[in-house]
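Take a look at the structure below.
The values are calculated or read from the model by the stated rules, or taken from the named source; none is laboratory data. This one's a predicted model, so the numbers in the text were calculated from it and none came from an experiment. As a convention, Cβ positions derive from the backbone with ideal geometry for all residues, glycine included, and neighbour counts pool all protein chains shown. Only protein heavy atoms, including side chains, enter the accessible area calculation; ligands, DNA and RNA are left aside. Shrake-Rupley method; radii C 1.70, N 1.55, O 1.52, S 1.80 Å.
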Amino acid sequence: MRDVAAKLTLAALALLLVVVRPALAQAPVRLTVALITSRSLEPYNLAAAGITAALSDAGYAPVVDTFNLDGDATSAGGIVSRLRQERHDVILTLGSLATTEVARGIDDIPLVFCMVLDPPSSGLTAEGEASGRNITGVSMDIPIDAQLDAIEAVLPTAKRVGILHSAESTAQVAKAEAAANARGLSIVATQISSEREVSRAMTSLLTGSDVLLALPDAAVYTESSTRYVLLSTLRQAMPFVGLMDSFVSAGAFMGVGLDFVDLGRQAGAIAARIAQGEAPGAIPVEGPAATRLLFNQRTARRIGVNIPPEALAAGEVLVP
Amino acid sequence: MADHARWLIAAALLGLAPPAHADEMPGLGPSAPIAEDADALESLLLGEIPRVITAAAFREQLPEEAPAAVVVITAEDIRAVGARNLGEALERCAGIGLTGRDHMTIRGIGPTNLIGGVGDAGRILLLIDGVRINDTFTDSFTVGLQRGIYDVARIEIVKGPGSALYGTSAFAGVINVVTIKGADRDGAEGRARVGVDGTEAAFRTGGVKGSAEGSAYGRLHLAPGFEQNAAVAEVRGAAGRKGLSLGAGHTLLLGGLGPQASEASPSPARQEGYLSIQGERALTPRFHAMARASSTAGTRQVSPSGMRVSELRLSAEGRTRLRILPLMWATLGAEARTEGARLQENPDLDPQSLGRAIAATYGQLEVGPISYVTVTAGVRAERIAPSLNGAAADAFNQISPRVGVVATLPTGTAVKAFYGNAFQAPSLALLYHSTTVGEITLNANDKLTPEKLRSVEAEVSHRFEAGVTMRVNVFQNDIDDLITTTYTAVQNELVFDNFYEARVRGVEGEISYAPSRRLTAFANAMWLDAYNRVSYQDLPLIPEVTANVGVRAQPISRATTWVSARYQSARSGVEGDPLSPYLTLDPQLRVDARLAVDLAPRWQAALSVRNLFGDQAADFRETELVLTDGTEVWLELTFKPPGPGGGEGL
């Protein structure tokens, strides 16, 4: 009887070992994360989902505290104070406002930013470079090559690419000119100082260009000026290559967009590297790893442009 | 040192001190630029670009450049204020007066209005996605303001005469309801609502698959125990592929009072539906063409005797738009409609068949002679041929011109000035249908001619840097041949006649302030004076005033508050007119408050409270113009779709 009990006990222990040991070996590591967003926007939610997914994939159990600035920089002070007290393992920020406001007050906790347009314009390190500080991240800059590739593929006869820009985006224009020259395209750049000059500048651009390309420039593209540009290009049957889904949904002929979950995954992977011991200051800022080609077929019909089937197959139709 | 400390204290009290954390261990350094510009652009790219208006000139335009006084109400506006139906969405606009469930006025003109005139001609054109919805019998709204708006992308309101593009019915203005298409918003969403006015469930879904898009919407509102609209069921749907689109909808109201019914004779049911198919294509980059065929149908009870009417409209329309020069566009269109109403007085009598055939052609030229200025000139010629039981009657021929100039200056100022004509053809009900209200018999008159309106208006708007926008509009409308009732020699018998002349003139203004996305405020007001003139005397009438104020704030990230007040002092009828069931409303003051809380990323709960103050509530109760009197409370639970919200697009 005693032997039987002993055998049963041994069997139970063996079974327990078989079941529990792998689980112990794979137990995720707890990681405290502070996630600060600039405002409530669905793309930020998608990026946040990508961040947690990437951390989980890397073997971490992220414990996420979420903060939202709601577009109000003055609310950052309280959040920064809490971050200093609670000292999370890593801070992730979504958007330029959240990133700059948190970065101003925190220099001793690793900070990974995501969904930031043109990081140097907000005082952050440029893409491909390491900050040497506590900050690194993933930009939201759409590669100019992807935009010009799209123009070449969809509008093979378009040779003059119009760009409306301000002094803020002179560097981007120079980059675009270099990339265009390599393709046999020419850039027709018109510089303005504020959105109020958009209507005047559009008059010359619409006659001197075959296609209009949007660059992310806050001085040019505001709510009202964007509506004006969209309508002007539609009326003059000028193909307009916009930015992101919002431009294409609102009437741009096509655009290059990003996958926000993937952007979040990139940032999450960087956070995992930091958690594994890498110094954030040594990790170069990344750009988006992939882009999406977006079409508005309603606009294509209106301006009389036929999208090549192979380009259509490679892209996404936001408006059929 | 002491001075320095005092200065710091003073600066802190004045809010000039830098953020507490700014000088402590800066990760970016004190010279780091502020990211507000980048944040604004990111919000634009990741959010939704505001929409435009199409109803003012049959092409996409910014509101400030449209050749008319226009207002665009977006889906975001509708949901922020918790509007339950079309009427509640419209009522906060400057110049809109609501005098009942199915009665509204634009700048004092409507079915029952202070200029007199009989109450069953709408004088306002209602469109859904461009399809004419006014009923064929009275040319008014069968469902009208009770229509659900959960699937609405935007409502375009064009104030002033619209006959140069739309012909009859566009007398005081045009309302175009644009629904959310499948490509605009992907996924399913829904809302459940419970309140003192019953329970309601609404859903919408839509999406894109390959080159096709589709959307569907449904709504059911149950208010057992209420005399009006005890049940409302509504469905709408749309599908599109490669420039071809199909749209359909149907609304059923049980236990409601129709425009022609009275308290003594509630309509047991009324329903209306529409079906349209439309194709549009750019044949060349400069030449765009659109063709549409549509039908509307409805049934309802229209008189105390139990007379029922069945209505049908078949319509075909073609339109082309040509860009002649870089700043010159021409629009040419033609439309043919046949409209009919079949009246059944009672089962023992033969039904009467009323009808009219309408043919119209129109053109509009828009020219930009200099930068920032657009001159618009348009005209529509329309022929309306009525008939009774197949026998043709005298036809009406109307020419409706309209000219205007719009200057949109780079300083943010827009200046508009217009002159235009409009007309309201007598409805089939006025031409051929005699009825009895109480002890009074109304006799139709087949000699009626259209009401005619001449309008002149000017508008200035400006967008200031500090998030402030303002608009002021002055207008004058002169109306001839207004149809009303006159006494006959026989006691208690009245006959419809082109009896009145009237003048309506006024001013409306609005101002909005949006310093941030967390705070927006607006105020608008309209004052107008009107009188009508009969052959023997002038009848001065009281002025009409409407005013609205509202503030939307987001005190914490998950909660949004909305508080608004509306004042309306309007007369909906002519003093001494025994047929006006909605005569004289005392000034009304109403206050709305709403609190919406995000429970989860896609779930939101909202509590709304509405109150009518003082004696006005009793006036409403007497006239049966509102569902409930006094205080209304309702609670909503909303499930929002994923994605950035999308939009209607161009």
Q | Those residues of region A:227-237 which are facing chain B (nearest Cβ under 9 Å) and modelled with pLDDT of 85 or more, in sequence order | A | A:230
Q | For residue A:224: the one exception among (1) within 24 Å of residue A:249 (Cβ to Cβ); (2) away from every other protein chain (no Cβ under 11 Å); (3) touching a Leu at 6+ places or on another chain (Cβ under 8 Å) | A | (2)
Q. For residue B:215, which of the numbered conditions (1) within 13 Å of chain A (Cβ to nearest Cβ); (2) crowded, with 17+ Cβ neighbours inside 10 Å; (3) of a type in the set (S, T, N, Q); (4) farther than 25 Å from residue B:157 by Cα fails to hold?
A. (4)
Q. When residue B:460 is evaluated against the numbered criteria (1) open to solvent by 50 Å² or more (accessible area, probe 1.4 Å); (2) closer than 30 Å to residue B:138 by Cβ, which criterion, by number, is the only one it fails?
A. (2)
**Q.** Filtered residues of region B:494-531 (kept if open to solvent by 60 Å² or more (accessible area, probe 1.4 Å) and farther than 30 Å from residue A:40 by Cβ)
**A.** B:499, B:501, B:503, B:505, B:527
(Q) Based on this model, can you work out whether residue B:617 counts as surrounded by 15 or more Cβ atoms within 10 Å (Cβ to Cβ), at pLDDT below 85 and small (Gly, Ala, Ser)? (A) yes
**Q.** Looking only at region B:16-62, and only at residues there that are more than 8 Å from chain A (Cβ to nearest Cβ) and open to solvent by 30 Å² or more (accessible area, probe 1.4 Å), the one that is modelled with the highest pLDDT
**A.** B:54
Q.
Residue under question is residue B:405, and the condition is that it be over 28 Å from residue B:138 (Cβ atoms) and without any contact (Cβ under 8 Å) to a residue 40 or more places away in the chain; does it hold?
A. yes
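Okay, residues lined up against (1) under 20 Å from residue B:173 (Cβ atoms); (2) touching a residue at least 12 places away in the same chain (Cβ under 8 Å); (3) open to solvent by 40 Å² or more (accessible area, probe 1.4 Å):
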site	(1), (2), (3)
B:339	no, yes, no
B:344	no, yes, yes
B:348	no, no, yes
B:359	no, yes, yes
B:395	no, yes, no
B:422	yes, yes, no
Q: Check B:401, B:410, B:351 and return the single one that is modelled with pLDDT under 90 and touching a strand residue (DSSP E or B) at 6+ places or on another chain (Cβ under 9 Å).
A: B:351
Q | Residues within region B:231-250 that are buried (at least 21 other Cβ atoms within 10 Å of the Cβ) and under 23 Å from residue B:637 (Cα atoms), tallied | A | 3
Q: May I ask you to list the residues in region B:168-191 that are out of contact with any helix residue (DSSP H, G or I) (no Cβ under 9 Å at 6 or more places or on another chain), within 30 Å of residue B:109 (Cβ to Cβ) and either not polar (S, T, N, Q) or not in a strand (DSSP E or B) (or both)?
A: B:168, B:172, B:173, B:178
Q) Do we find that residue A:209 is touching a residue at least 40 places away in the same chain (Cβ under 8 Å), open to solvent by less than 40 Å² (accessible area, probe 1.4 Å) and polar (S, T, N, Q) in this structure? A) yes
Q. For region A:37-53, what are the residues that are open to solvent by 50 Å² or more (accessible area, probe 1.4 Å) and without any contact (Cβ under 8 Å) to a residue 24 or more places away in the chain?
A. A:45
**Q.** region A:239-287, residues that are more than 21 Å from the chain's Cα centre (by Cα) and at the interface with chain B (Cβ under 9 Å from one of its Cβ atoms)
**A.** A:251
Q) For region B:388-428, which residues satisfy the criterion of being more than 26 Å from the chain's Cα centre (by Cα) and not in a strand (DSSP E or B)? A) B:389, B:390, B:393, B:394, B:395, B:409, B:410, B:411, B:412
Q.
For region A:54-95, give me each residue that is open to solvent by 40 Å² or more (accessible area, probe 1.4 Å), under 22 Å from residue A:269 (Cβ atoms) and hydroxyl-bearing (Ser, Thr, Tyr).
A. A:56, A:66
Q: Might you let me know whether region A:291-301 holds any residue that is more than 11 Å from chain B (Cβ to nearest Cβ) and of a type in the set (Lys, Arg)?
A: yes
Q) Yes or no: residue B:261 over 24 Å from residue B:312 (Cβ atoms) and either modelled with pLDDT of 90 or more or among the hydrophobic types (A, V, I, L, M, F, W, C) (or both)? A) no
Q: Among the residues of region A:105-126, write down those that are within 11 Å of chain B (Cβ to nearest Cβ), open to solvent by less than 10 Å² (accessible area, probe 1.4 Å) and touching a strand residue (DSSP E or B) at 6+ places or on another chain (Cβ under 6 Å).
A: A:109, A:111, A:113, A:115, A:116, A:119
Q | Selection count where residues are over 20 Å from residue B:249 (Cα atoms) and at pLDDT below 95, scope region B:280-318 | A | 19
Q) Could you say whether any residue in region B:94-111 is surrounded by fewer than 22 Cβ atoms within 10 Å (Cβ to Cβ) and either at pLDDT below 90 or over 27 Å from residue A:230 (Cβ atoms) (or both)? A) no
Q: Using the structure shown, decide if residue B:487 is of a type outside the set (Gly, Ala, Ser), surrounded by fewer than 17 Cβ atoms within 10 Å (Cβ to Cβ) and at pLDDT below 85.
A: yes
Q | Residues being in a loop (DSSP other than H, G, I, E, B), closer than 22 Å to residue A:263 by Cα and open to solvent by less than 30 Å² (accessible area, probe 1.4 Å) - total across region A:127-170 | A | 4
Q.
I'm trying to understand the selection: among the residues of region A:194-208, which are at the interface with chain B (Cβ under 9 Å from one of its Cβ atoms) and closer than 21 Å to residue A:168 by Cα?
A. A:196, A:197, A:198, A:199, A:200
Q) Taking residue A:102 and the conditions (1) more than 10 Å from chain B (Cβ to nearest Cβ); (2) assigned to a helix (DSSP H, G or I), which numbered condition does it fall short on, given that it satisfies the others? A) (1)
Q) Inside region B:218-230, can you point out the residues that are surrounded by fewer than 22 Cβ atoms within 10 Å (Cβ to Cβ) and modelled with pLDDT of 85 or more? A) B:218, B:220, B:222
**Q.** Filtered residues of region B:362-387 (kept if within 14 Å of another protein chain (Cβ to nearest Cβ) and either modelled with pLDDT of 90 or more or outside any loop (DSSP other than H, G, I, E, B) (or both))
**A.** B:366, B:367, B:373, B:374
